[in-house]
Amino acid sequence: MSQTMTAQGLTSIVDDLLAAHPPAATDPRTFLGARFDAGLAWVWVGRDDGGRDADPALQPLVEARLAAAGAPAPFRYNPIGIGMTGPTLLSHGTAQQRTAYLRPLFTGEEVWSQLFSEPSAGSDVAGLATRARRDGAGGDWIIDGQKVWTSFAHLARRGLLLARTDPSVPKHAGLTAFVVDMAAPGVQVRPLRQMTGEAEFNEVFFTEVQVRDADRLGAVGDGWRVATSTLMNERVSLGGALGRGDSGPGAALLAAYREASERGDGNAVRRDEAVRLWIEANVNALTAARAAAGGARGRPGPEGSVLKLTGTEHSKRAAAYLLDLLGNAGALIPEYRMTRPDLPLGGDGPRDAAQMFLRSRANTIEGGTSQILRNILGERVLGLPGDVRVDKGVPWRDVPR
Ligand SMILES: Cc1cc2nc3c(=O)[nH]c(=O)nc-3n(C[C@H](O)[C@H](O)[C@H](O)COP(=O)(O)OP(=O)(O)OC[C@H]3O[C@@H](n4cnc5c(N)ncnc54)[C@H](O)[C@@H]3O)c2cc1C
């Protein structure tokens, strides 16, 4: 890491970018491409990967200055790519893979999906059954199997797939990660409707899909390590993205309470709850800042699991509170058509309170349930005795399922 790139140096690069490509007059994808080329995508990596070899602690400064100037946020165009698969490529991708995939991922030209969960492998994702076998000795790979709950697969050009390459060893040891072309023959994406009415996620079927060995991410059998880095980034990304108001953590809750009081619906209990939720939101924001500093080095720490647990439990409580403030009106659902969002994060308009409430129920499931996060925190952070594991050390193919 270069010690020479100062905050002042980065600020002037940001200002040059903004002057050459004023956000209000520039197509978002063009702006994001120029930002990548200026080395402002992930400042701590090298120039070829969209960085400046700078201290990762300087990234928030870049984000804040760009946001204040109205620059497009890449997360909005490619949430899984920016939050999860991009950091995984930075940590585990070959130079060739990083060159091919990072720039279009950052600009949102290639939306990414995460192909981990299966019908019988969600919390126990290491038990998955999708098979990858060699197409001839040392050659490319053939994938067969099914994934489920794959967010944005209907928009995705690329997917980060976890597959079983060796059934004869215990479950974690027999996995390998791949980059898959979602437009390849044999990939079929079908919508799954959620209780919000939207089909934001999908089931994805793989029938004899060919993947080049050059698109293997990490070593054969090392897929669990690759997946763990994706999951840790996911927890930071999901936990950190939730519960933010437009003018700071918890601001939307206070504004909603103020509005309710003006209508005559305020009382001491509701005010107390608004302030309690506001404090929670601000504590989570501080945890998010610590977790982001770890994530910036490609090594998110246990804060990611703390943040995912507390951030998502908070977002459920906050959504329920906002609905409660609306009284009977909150129970009305104005629209229940099945829609498939064509822009990740549901387009530009805000969701109504009822839809936000329904969507919030998924927050404590996606990216690891609250129960699983408590297990992780208990075992890995607090050093408590482990969960019961009847398949420990048993070859995957001998585990009853
Ligand atoms: C909106 C949404 C988007 C998603 N997007 C994606 C995606 O893009 N890609 C992807 O791969 N996956 C995605 N998922 C899937 C998600 O990761 C899984 O739903 C999640 O990991 C839980 O797995 P499961 O649904 O199979 O539930 P199960 O694992 O069957 O769990 C059922 C219940 O049992 C509990 N439980 C299970 N094991 C234990 C244990 N050992 N100890 C205590 N309790 C336990 C769980 O907490 C849960 O309450 C998404 C899910 C949602 C809701």
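Restricting the first member to the stretch 382-398 and to residues that are basic (Lys, Arg), and the second to residues that are open to solvent by 100 Å² or more (accessible area, probe 1.4 Å), no beta-carbon pair is closer than 8 Å while six or more apart or on different chains.
The set of residues in the stretch 180-194 being near the ligand (Cβ under 10 Å from one of its atoms) and either part of a loop (DSSP other than H, G, I, E, B) or under 27 Å from ASP140 (Cα atoms) (or both) consists of GLN194 alone. Contact map, the stretch 144-161: residues that are closer than 20 Å to SER123 by Cα paired with residues that are more than 9 Å from the ligand (Cβ to nearest atom) and of a type in the set (Ser, Thr, Tyr), Cβ distance under 7 Å, separation 6+ or inter-chain. Pairs shown: GLY145/THR130; GLN146/THR130; LYS147/THR130; LEU160/THR85; LEU160/THR88; LEU160/THR230.
Every residue in the stretch 374-401 that is over 22 Å from ALA173 (Cα atoms) and open to solvent by less than 50 Å² (accessible area, probe 1.4 Å), please. Those that are over 22 Å from ALA173 (Cα atoms) and open to solvent by less than 50 Å² (accessible area, probe 1.4 Å): LEU377, GLY378. For the stretch 358-385, the set of residues classified as near the ligand (Cβ under 9 Å from one of its atoms) and among the polar types (S, T, N, Q) consists of ASN363, THR364, THR369, SER370, GLN371, ASN375, listed by residue number. In the stretch 50-57 there is no residue that is among the charged types (D, E, K, R) and under 17 Å from the mean Cα position of the chain (by Cα). The number of residues in the stretch 137-150 being under 24 Å from ARG193 (Cα atoms) and at pLDDT below 95 comes to 0. Could you say whether any residue in the stretch 137-149 is part of a loop (DSSP other than H, G, I, E, B), within 10 Å of the ligand (Cβ to nearest atom) and not aromatic (Phe, Trp, Tyr)? There is at least one residue in the stretch 137-149 that is part of a loop (DSSP other than H, G, I, E, B), within 10 Å of the ligand (Cβ to nearest atom) and not aromatic (Phe, Trp, Tyr). Of note, THR85 does not satisfy the criterion of being of a type in the set (Ser, Thr, Tyr) and more than 21 Å from the chain's Cα centre (by Cα). Filtering ALA100, ALA95, ALA121, ALA137 for residues that are loosely packed, with under 14 Cβ neighbours inside 10 Å, without any contact (Cβ under 8 Å) to a residue 40 or more places away in the chain and aliphatic (A, V, I, L, M) leaves a single hit, ALA137.
The values are calculated or read from the model by the stated rules, or taken from the named source; none is laboratory data. Keep in mind that what you see is a predicted model, and the values were worked out from it rather than measured. Neighbour counts are summed over all protein chains in view; Cβ atoms, including those assigned to glycine, are modelled from backbone coordinates with ideal geometry. These accessible areas exclude ligands, DNA and RNA; they are computed on the full protein's heavy atoms, side chains included. Shrake-Rupley method; radii C 1.70, N 1.55, O 1.52, S 1.80 Å.
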